[in-house]
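> Got a structure for you, questions after.
The values are calculated or read from the model by the stated rules, or taken from the named source; none is laboratory data. Small disclaimer: the values here were computed from a predicted structure and weren't measured. Glycine also receives a Cβ, built like all others from the backbone with ideal geometry; neighbour counts cover every protein chain displayed.
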Amino acid sequence: AANRMLEGGQELSARYVLLSRLGRGAYGEVWLAHDRERRERVALKILSAEWMQRSTALAAPEREFDAIGRLGHPYILRVHGLHRTAQYAWIAMEYAAGGDLTQLRGRRSAEVLSAAIPVASALAHAHAAGLVHRDVKPANVLLTADRTPRLADFGIAAIASEVQPLERGSPFSMSPQQL
């Protein structure tokens, strides 16, 4: 379903101007936007109207923002803030203009390893901080314009000591134990 008819040119909280929709996910839509305060392009993960109707709607994005904010690693996508208005809630984050790792399928192992090794470093850093990502897949590793990989989407991450079986995720990327 559409997210309350979001469209290019629309402003969110007088700071962000939506430019184009980049995609849709479990929580809503991701938009490329201009951040007037930072004077740069950012990605906004905007919660869907259906998701916002849930009583716990903001728990996952708040957890994602808090988790990523604590990590501060060069291969983890930077998150700038969690924002709310009466109508919308969104996470503002670094815009990774280079797409995601799905484009490396079938490529030479050296190319894949040049992205996989930094991601392994990001995961090790997250694990050392007690956080388990739980949805590592090619679509959740974004590439900056200079092809630097950034681990993204900590939406279903968990504190290592509190890991429970997943009720959602990406079936093609889950371990047999999760399935």
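> Tell me, please, whether a residue that is within 12 Å of the chain's Cα centre (by Cα), part of a loop (DSSP other than H, G, I, E, B) and either under 16 Å from TYR27 (Cβ atoms) or at pLDDT 60 or above (or both) can be found in region 157-175. So that I can check it myself, show each step before the final result.
From region 157-175, those within 12 Å of the chain's Cα centre (by Cα) are 157; that's our starting set.
From what's left, part of a loop (DSSP other than H, G, I, E, B): 157.
Of the ones still in play, those that are also either under 16 Å from TYR27 (Cβ atoms) or at pLDDT 60 or above (or both) are 157.
So far as region 157-175 goes, yes, one or more of its residues are within 12 Å of the chain's Cα centre (by Cα), part of a loop (DSSP other than H, G, I, E, B) and either under 16 Å from TYR27 (Cβ atoms) or at pLDDT 60 or above (or both).
> Which residues, taken from region 11-38, are modelled with pLDDT of 95 or more and polar (S, T, N, Q)?
SER20
> Based on what the data block shows, is ARG105 of a type in the set (D, E, K, R), surrounded by fewer than 12 Cβ atoms within 10 Å (Cβ to Cβ), within 21 Å of ASP146 (Cα to Cα) and at pLDDT below 95?
yes
> Sticking with this structure for a sec: Please state which of the following conditions VAL119 fails to meet, knowing it meets all the rest: (1) among the β-branched types (Val, Ile, Thr); (2) surrounded by fewer than 17 Cβ atoms within 10 Å (Cβ to Cβ); (3) over 25 Å from ARG38 (Cβ atoms).
Just one mismatch for VAL119, condition (2).
> Here's a follow-up. If you check LEU123, LEU58, LEU82, which single one turns out to be on the phi < 0 side of the Ramachandran plot and modelled with pLDDT of 90 or more?
Result: LEU123 is the single residue among LEU123, LEU58, LEU82 that is on the phi < 0 side of the Ramachandran plot and modelled with pLDDT of 90 or more.
> How many residues are more than 18 Å from the chain's Cα centre (by Cα) and on the phi > 0 side of the Ramachandran plot when one looks only at region 126-142?
1
> Now, a different point. Among the residues of region 85-112, which ones are touching a residue at least 12 places away in the same chain (Cβ under 8 Å) and at positive phi?
Selection gives GLY99 alone.
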